[in-house]
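The values are calculated or read from the model by the stated rules, or taken from the named source; none is laboratory data. Treat the numbers as computed from the prediction; the structure is a model and nothing was measured. All Cβ positions, glycine included, derive from the backbone under ideal geometry; neighbour counts span all protein chains shown. Note: areas computed on protein heavy atoms with side chains; ligands, DNA, RNA excluded. Shrake-Rupley method; radii C 1.70, N 1.55, O 1.52, S 1.80 Å.
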Amino acid sequence: MVEWTDAERTAINFVFTKLDYDSVGPESLSRCLIVYPWTQRYFGGFGNLYNAEAILSNPMIAAHGITVLHGLDRALNNMDDIKNTYTQLSELHSEKLHVDPDNFRLLADCLVVVIAGRLGTDFTPEMQAAFAKFLSVVVSALGRQYH
Amino acid sequence: MSLTVTDKALVKDFFAKAASKAEDIGNEALSRTLVVYPQTKIYFSHWKDLSPGSEPVRKHGKVVMGGLLSAVGMIDDLTTGLLSLSELHAYMLRVDPGNFKILSHNILVVLAMLFPVDFNPETHVAVDKFLQLVSLALAEKYR
């Protein structure tokens, strides 16, 4: 079981209270598709991904970005058992979506960059450390059912 | 993976704007590397203070950013331009090249923090590619 200090729990909760899902979700997913273009392989049915402008204004990508970001809520509400919280989602990503689990880390990195852009210097190193730890636990949980 | 003409233009333009805050960027990026990825502290066991914003951290952040800004000027041939820095990292410092990725990530985070408008997605990908190629050039003499 992952151990969280009180300071870490506070920092992570703080980030989530400041999170504008409808804006951060779309931007994070869009950045992932722009910065790591091979991730576009999973979005064949999502319409025009031809260039950065198209991706950023694509409503299907935006909607999906919001969905994905809300997926983190499960971990936030189950911080003492993130591992088992994502069993079904992990199976989905492995068996049905066939997503390379290395891509979870890429999206997580983009999310950190976007949040840093929104919070500015409020995003202290300690806050970044707690949030990065949180995301790495989620990423690990999502990769567990792959075989 | 190599830098397109557009990438190079984006990198040069962005760092021209960011250069004035080089010291802050270096300090923040190095501070975050040490805090968020504590295993990196092993390279600085000779410093008396490894806390964010401390004197040795700030000083070294400035050195690192100076290196990066000069790499922008050598963007057309990073391997040749960074040869002596590569020798330094390979033979003397012997920094595990995995750490270049960590520092690069933290540089991106700090650029987003300090330049939320200028560090748009197109600039983000160009700078990420540039940092990866700098890392590769730095690892040239490793083996």
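With respect to the conditions (1) open to solvent by 40 Å² or more (accessible area, probe 1.4 Å); (2) away from chain A (no Cβ under 14 Å); (3) at pLDDT below 95, B:Pro38 lacks only one, and its number is (2). Consider the range A:106-147 and keep the residues that are more than 10 Å from chain B (Cβ to nearest Cβ) and not aliphatic (A, V, I, L, M). The one that is surrounded by the fewest Cβ atoms within 10 Å (Cβ to Cβ) is A:His147.
This table checks each residue for (1) within 14 Å of chain A (Cβ to nearest Cβ); (2) open to solvent by 50 Å² or more (accessible area, probe 1.4 Å); (3) in contact with a strand residue (DSSP E or B) (Cβ under 6 Å, 6 or more places away or on another chain).
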position	(1), (2), (3)
B:Phe15	no, no, no
B:Ser20	no, yes, no
B:Asp24	yes, yes, no
B:Ser31	yes, no, no
B:Phe44	no, no, no
B:Lys48	no, yes, no
B:Pro52	yes, yes, no
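On the basis of being loosely packed, with under 15 Cβ neighbours inside 10 Å, assigned to a loop (DSSP other than H, G, I, E, B) and in contact with a Pro (Cβ under 8 Å, 6 or more places away or on another chain), does A:Tyr50 make the cut?
Against the criterion (loosely packed, with under 15 Cβ neighbours inside 10 Å, assigned to a loop (DSSP other than H, G, I, E, B) and in contact with a Pro (Cβ under 8 Å, 6 or more places away or on another chain)), A:Tyr50 does not qualify.
Can you tell which of B:Val72, B:Val127 is crowded, with 18+ Cβ neighbours inside 10 Å and away from every other protein chain (no Cβ under 14 Å)? Reasoning before the result, please.
Details: B:Val127 fails: away from every other protein chain (no Cβ under 14 Å).
Checking each option against the conditions leaves just B:Val72.
With the condition kept exactly as written, say whether any residue in the range A:105-113 is more than 25 Å from A:Ile34 (Cβ to Cβ) and free of Cβ contacts under 8 Å to residues at least 24 places away in the same chain. Please lay out each step first, then the result.
Of the range A:105-113, the ones more than 25 Å from A:Ile34 (Cβ to Cβ) are none.
No: zero hits.
Inspect all residues belonging to the range B:100-109 and state whether any of them is without any contact (Cβ under 8 Å) to a residue 12 or more places away in the chain and within 14 Å of chain A (Cβ to nearest Cβ). Walk me through it before giving the result.
First, pick out the residues of the range B:100-109 that are without any contact (Cβ under 8 Å) to a residue 12 or more places away in the chain: B:105.
Still in the running and within 14 Å of chain A (Cβ to nearest Cβ): B:105.
Within the range B:100-109, one or more residues are without any contact (Cβ under 8 Å) to a residue 12 or more places away in the chain and within 14 Å of chain A (Cβ to nearest Cβ).
Count of the range B:75-85 residues, restricted to those that are of a type in the set (Ser, Thr, Tyr) and either exposed (fewer than 10 other Cβ atoms within 10 Å of the Cβ) or at pLDDT below 95 (or both), is 1.
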